[in-house]
């Protein structure tokens, strides 16, 4: 279980303190798929980075399975079972896709096993398994390769920061099926997705709404989603356009 207590995060903005998150308290139980949504600039990606250990909070505590991880690094948290997929995936010159997936898995996967993870995210494995993870890959390709590596990791808690960003419609539809399958497979593992997309919200167990750096609402999808759909500034329209500022 992930537990966040009174979490706040401030940055220096030209000599003035700017508040990004304010006094966030919430719990993410095991075996659930959560989606965090809300208006742009509400602090969603910042919260994801704080959970992963990329940023450190200005105040408050983060607990994972009962242990205080507030001051632990991203590497330490990864070893404990917290996985993170960046909104903009990192390129690794000189590392092949197969190596990245094996590193993520933490074990010596066979080529067939590594290819299986690529296939799950809609990539033709034989075309990508020996490619370098570098600038020759498009943003959408990198995003799907990163998601494949995250799936291979099998973290206890996996955080996806806007996984739909930069991918085409076919890939997005495939991505929904990946998350749907993950939702059905998880038992003690949890998934947290930062997203504006209504189709991703629809597969959530619970939805968390952040607005202006504060926790506005948290509850089961059946309770929260109807209110969001009735609020144009909260979710995209039915065509899946990005949420307006």
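Going by neighbour counts of Cβ atoms within 10 Å, the residues 160, 92 line up, fewest first, as 92, 160.
Can you tell me how the range 108-158 classifies by the Cα gyration tensor, rounded, prolate or oblate, using a/c under 1.5 as the rounded cut? In terms of gyration-tensor shape, oblate. With an a/c value under 1.5 for the gyration tensor axes a ≥ b ≥ c computed over the alpha-carbon atoms, the range 70-186 is described as rounded. Which whole-number percent gives the relative contact order of the range 1-133, counting Cα pairs below 8 Å spaced six or more residues apart? Contact order relative to length: 20 percent. For a Förster distance of 22 Å, can you work out the FRET efficiency between the beta-carbons of residue 134 and residue 108, rounded to the nearest 0.05? Efficiency for this residue pair is about 0.40. Between residue 5 and residue 222, the modelled label-to-label distance comes to 3.3 nm, taking each label 7 Å out from Cα in the direction of the beta carbon. Take every pair of alpha-carbon atoms less than 8 Å apart whose residues are at least six positions apart; their mean separation over the length of the range 16-74 yields a relative contact order of 25 percent. When 223, 37 are arranged by Cβ crowding within 10 Å, least crowded first, meaning fewest neighbours, the order is 223, 37. Summary value for the chain: 27 percent relative contact order, contacts being C-alpha pairs under 8 angstrom separated by 6+ residues. For residue 19 and residue 76, the FRET efficiency from 1/(1 + (r/R0)^6), where r spans their Cβ atoms and R0 equals 25 Å, is about 0.40. Using the average count of surrounding beta-carbon atoms within 10 Å as a protection proxy, the listed peptides 10-21, 185-196 rank, highest first, as 185-196, 10-21.
Ordering 65-78, 119-132, 23-36, 140-153 by mean Cβ neighbour count within 10 Å, with the highest value first, yields 140-153, 23-36, 119-132, 65-78. Working note: 222 nm ellipticity from helices only, DSSP H runs with n ≥ 4, each -39,500 (n - 2.57), summed and divided by the residues of the chain, gives -10000 deg cm²/dmol to the nearest 500.
Placing a label point 7 Å from the Cα of residue 185 along the Cα-to-Cβ direction, the residues of the range 137-154 whose backbone N falls under 12 Å from that point are 148-154.
Throughout, read-outs are computed from the coordinates displayed, never taken from laboratory work. Model, not experiment: these values are computed from the prediction. Counting neighbours? That spans all protein chains shown, and the Cβs are built from the backbone with ideal geometry, glycine included.
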